[in-house]
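Enquirer: Structure in structure tokens, see below.
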Amino acid sequence: MSLNGKTIAVTGAFGSLGTAVVKALLEQGATVAAIDLAEAPREPKALGAAHLHGGVDLADAKATGAAFDAIASQHGGLHGLVNIAGGFAWEKVQDGSTDTWDRMYQMNVRTAVAASQAALRHLPDGGRIVNIGANGALKAGAGMGAYAASKAGVMRFTEALAEELKGRGITVNALLPSIIDTPANRTDMPDADFSAWVQPAQLADAIVFLLSDKASAITGALVPVVGRV
């Protein structure tokens, strides 16, 4: 699953999953543009030789386009995009705010759309886009409405874009993780069985596969990655 000679952009690259994905891509020989809203990663060394692009508001289409144009110019093009940027909110509908629904849409759907539009100006035929959905969007529980609706939007976006780009051989797929083993999730659910959760490195391996030539026949897929949850 070598990615030698490939330039891959990763959004949300400074977080736990993003860092794991950047590491996996570098190990497979890719040149990685690590993009995030944060100005700088908390642990720059964890991102290795990746090229860091902090302070990019991915909900702002103009700023996102400028960032991707700069990345493509710097590296002589772009071959793949991994949309990890997003957020989570738990809030019941009855006493909640419609602002939460807007915020989840902005963070999870708009960022993926803006980054994909910007990347498509540079992706060649045969390029790759991988999105992060959520298994919880298949059936939302109490308090999960806004988040699940936004991740369901990511899923439908994935399917629509995959159909749109079939003629160019650009594949568009999404992974649907359950609970990812991150420090934040451990803090929020201290009594859970962490060993049942999906490890960031496991998701990263699946992403590497979908970016590789071996996945050229897979597009529009929504792939559950649920561990033992």
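Enquirer: ASP36: within 14 Å of the chain's Cα centre (by Cα), at negative phi, open to solvent by 20 Å² or more (accessible area, probe 1.4 Å) and of a type outside the set (Ser, Thr, Tyr), yes or no?
Expert: yes
Enquirer: Here's something else I'd like to know. When the residues of the stretch 69-83 are narrowed to those that are small (Gly, Ala, Ser) and under 20 Å from LEU37 (Cα atoms), which ends up most open to solvent (accessible area, probe 1.4 Å)?
Expert: Filtering first and then ranking leaves ALA70.
Enquirer: Of all residues in the stretch 197-229, count the ones that are without any contact (Cβ under 8 Å) to a residue 24 or more places away in the chain and more than 17 Å from ALA162 (Cα to Cα).
Expert: 0
Enquirer: Do you know which residues across the stretch 155-189 are in a strand (DSSP E or B) and at pLDDT 95 or above?
Expert: Within the stretch 155-189, THR171, VAL172, ASN173, ALA174, LEU175, LEU176, PRO177 qualify.
Let's see how each residue does on (1) farther than 23 Å from THR158 by Cα; (2) among the charged types (D, E, K, R); (3) open to solvent by 40 Å² or more (accessible area, probe 1.4 Å); (4) at pLDDT 95 or above:
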site	(1), (2), (3), (4)
LEU25	no, no, no, yes
THR31	yes, no, yes, yes
HIS53	yes, no, no, yes
LEU58	no, no, no, yes
THR64	no, no, no, yes
ALA85	no, no, no, yes
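Enquirer: Specify the residue that is surrounded by the most Cβ atoms within 10 Å (Cβ to Cβ); the eligible residues are those in the stretch 1-23 that are among the small types (Gly, Ala, Ser) and touching a Gly at 6+ places or on another chain (Cβ under 8 Å).
Expert: ALA9
Enquirer: Another question, then. Restricting attention to the stretch 33-49, report how many residues are in a loop (DSSP other than H, G, I, E, B) and basic (Lys, Arg).
Expert: 1
Enquirer: Give the stretch 87-135 a look and list any residue that's part of a loop (DSSP other than H, G, I, E, B), open to solvent by 70 Å² or more (accessible area, probe 1.4 Å) and closer than 20 Å to ASP36 by Cβ, or say none.
Expert: Listed by number, the list holds a single entry, PHE88.
Enquirer: So the check is Cβ under 8 Å with 6+ separation or different chains; which pairs have a first residue in the stretch 50-73 that's assigned to a helix (DSSP H, G or I) and a second one that's modelled with pLDDT under 95 and hydroxyl-bearing (Ser, Thr, Tyr)?
Expert: So the pair list comes out empty.
Enquirer: Out of all the residues in the stretch 1-31, which are in a strand (DSSP E or B) and more than 14 Å from the chain's Cα centre (by Cα)?
Expert: The answer is THR7, THR31.
Enquirer: Out of LEU138, LEU176, report the one residue that is surrounded by fewer than 20 Cβ atoms within 10 Å (Cβ to Cβ) and in contact with a Pro (Cβ under 9 Å, 6 or more places away or on another chain).
Expert: Residue meeting the stated conditions: LEU138.
Enquirer: Another question, then. Does any residue in the stretch 160-179 that is more than 19 Å from ALA206 (Cβ to Cβ) come within less than 6 Å, Cβ to Cβ, of a residue that is assigned to a loop (DSSP other than H, G, I, E, B) six or more places away or on a different chain, and which pairs are these?
Expert: The qualifying pairs are ARG168/ASP125; GLY169/ASP125; GLY169/GLY126.
The values are calculated or read from the model by the stated rules, or taken from the named source; none is laboratory data. Since this is a predicted model, take the numbers as computed values, not measurements. FYI the Cβ positions are ideal-geometry reconstructions off the backbone, even for glycines, and counts take in every protein chain you see. When the accessible area is computed, the model is the full protein with side chains, heavy atoms only, and any ligands, DNA or RNA have been set aside. Shrake-Rupley method; radii C 1.70, N 1.55, O 1.52, S 1.80 Å.
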